[in-house]
1. Taking 0.36 nm per residue of sequence separation and subtracting the Cα-Cα distance, how much length would be gained by fully extending the chain between M29 and D61, in nm to one decimal?
2. Give the aspartates and glutamates whose C-alpha is closer than 12 Å to that of K20, dropping any in the same chain fewer than 8 places away, or say none.
3. Mind sorting out which of (i) 0.99; (ii) 2.66; (iii) 1.39 is the real Cα Rg over 2.2 N^0.38 Å computed from the coordinates?
4. Calculate for the chain the 222 nm mean residue ellipticity that helices alone would give, adding -39,500 (n - 2.57) per DSSP H run of length 4 or more and normalising by residue count, nearest 500 deg cm²/dmol.
5. Beta carbons within 10 angstrom, averaged per residue: use that to sort the peptides 15-24, 50-59, highest first.
6. For A50 and D79 in the same chain, what is the full-extension length gain: residue separation times 0.36 nm, less their Cα-Cα distance, in nm?
Amino acid sequence: MTSQRAQAYATALKSLRDLKPSKFTDAQMDLFQQTADALFFTDSLDESVADLVARSHAELDVIADNDRLLPETVQRLKDELDAIGPAPVAA
């Protein structure tokens, strides 16, 4: 892992935690936390990590579709999560 990934991890978690009280359920926050952790502690994207990323992205899309967050905010959160990984994430 690199300092850039460590910074990306901290940034993503801060953003998610700042929104959690009003925008995310506990289950959603758990999924986002698992995804961030998996991305941070992996050296390569395997199927299980890619699945977590895809599930997190899909959950964020549902949140945007339900007007709980603006699409721009959802995209920023996806980008922040993706930045944690060892390589660009395509989910």
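1. Working: separation 32, 0.36 × 32 = 11.52 nm, distance 1.42 nm.
The span from M29 to D61 would gain 10.1 nm if fully extended.
2. Cα-Cα hits under 12 Å: D30.
3. (i)
4. Working: 4 runs with 67 residues, N = 91.
Result for the chain, helices only: -24500 deg cm²/dmol.
5. Values: 15-24: 14.4, 50-59: 17.4.
The densest-packed peptide leads the list: 50-59, 15-24.
6. Details: separation 29, 0.36 × 29 = 10.44 nm, distance 1.44 nm.
That works out to 9.0 nm of additional length.
The numbers here are math on the coordinates, done by the rules we state, and not lab data. This one's a predicted model, so the numbers in the text were calculated from it and none came from an experiment. Neighbour counts run over all protein chains shown; Cβ positions are idealised from the backbone, glycine included.
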